[in-house]
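Report on one structure; see the data block that follows.
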Amino acid sequence: MHDVANTLVPQMIGPGALPEGVQLALRCMSEVPAATYRRALEALVTFDRQIDLRRIAVPTLLLAGEFDKSAPPSVMKAMAQAIVDSQYAELPGVGHLTNMEAPDEFDEAVLAFLADTHGQTVKLLH
C-alpha cells in the first residue's frame, strides 16, 4: 500500500494542498490493509444509487475540491441539484482530499453548514 499511496495521493491532490496534509494522506493510505482497499474500490465501482438521491430528506452538504478528479465539482453539483434543499460548496486549489489538503477551509464549510441547518436538523430528529 505504500507504493499505491505514493502513486495515488499525488494524483488526488490539488496545487493548493498543504504539505502536512499530503504527508498525512500518504501515511493514512499506506496503513490501509490491501484487502480493505480492494473491497472499498469494488464498492465504489459497483454501487449506484443515483435514482435515490431525490429521496434524501435530511440536510446535506456536498463539498468538492476544485481539482478533484475522483468526485469532480461537476458531478457534485449535479448531485446537489438532485438532493432537495442540499448545499454545495467548492474549495479552491484542492483536490479529492479536502479535509487534509485544506483543513481550515474544510472545517469552516462544514461548521457553516451545520450552523445553517441546525434548526432544520432538530425538527427532523424530534
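Miscellaneous remarks
- Cα gyration tensor, the stretch 12-81 - rounded (a/c under 1.5), prolate or oblate: oblate
- Of the trypsin sites (Lys or Arg not before Pro) found in the stretch 31-101, those in coil by DSSP whose Cβ has at most 12 other Cβ atoms within 10 Å are Arg49, Lys69.
- Dipole orientation for the chain: of the candidates Phe113, Leu24, Pro103, Phe113 has the Cα lying most toward the positive pole (charges on Cβ; Lys, Arg +1; Asp, Glu -1).
- Helical contribution to [θ] at 222 nm, DSSP H n ≥ 4, -39,500 (n - 2.57), averaged over the chain, rounded to 500: -18000 deg cm²/dmol
- Degrees between helix 2-12 axis and first principal axis of the chain (Cα, 0 to 90, nearest 10): 50 degrees
- Degrees separating the helix 103-125 axis from the principal Cα axis of the chain, which is the longest one: 30 degrees
- Test item: Cα-centred dipole of the stretch 2-125, Lys/Arg +1 and Asp/Glu -1 on Cβ, debye: 560 debye
- Alpha-carbon spread of the chain, three principal axes, descending order, Å: 46, 32, 28
- The angle between the Cα long axis of helix 19-30 and the main principal axis of the chain comes to about 80°, on a 0 to 90 degree scale.
Readers should treat all values here as calculations from the given coordinates under stated rules, not as data from a laboratory. Fair warning: this is a prediction, and the values are worked out from it, not measured in the lab. Neighbour counts run over all protein chains shown; Cβ positions are idealised from the backbone, glycine included.
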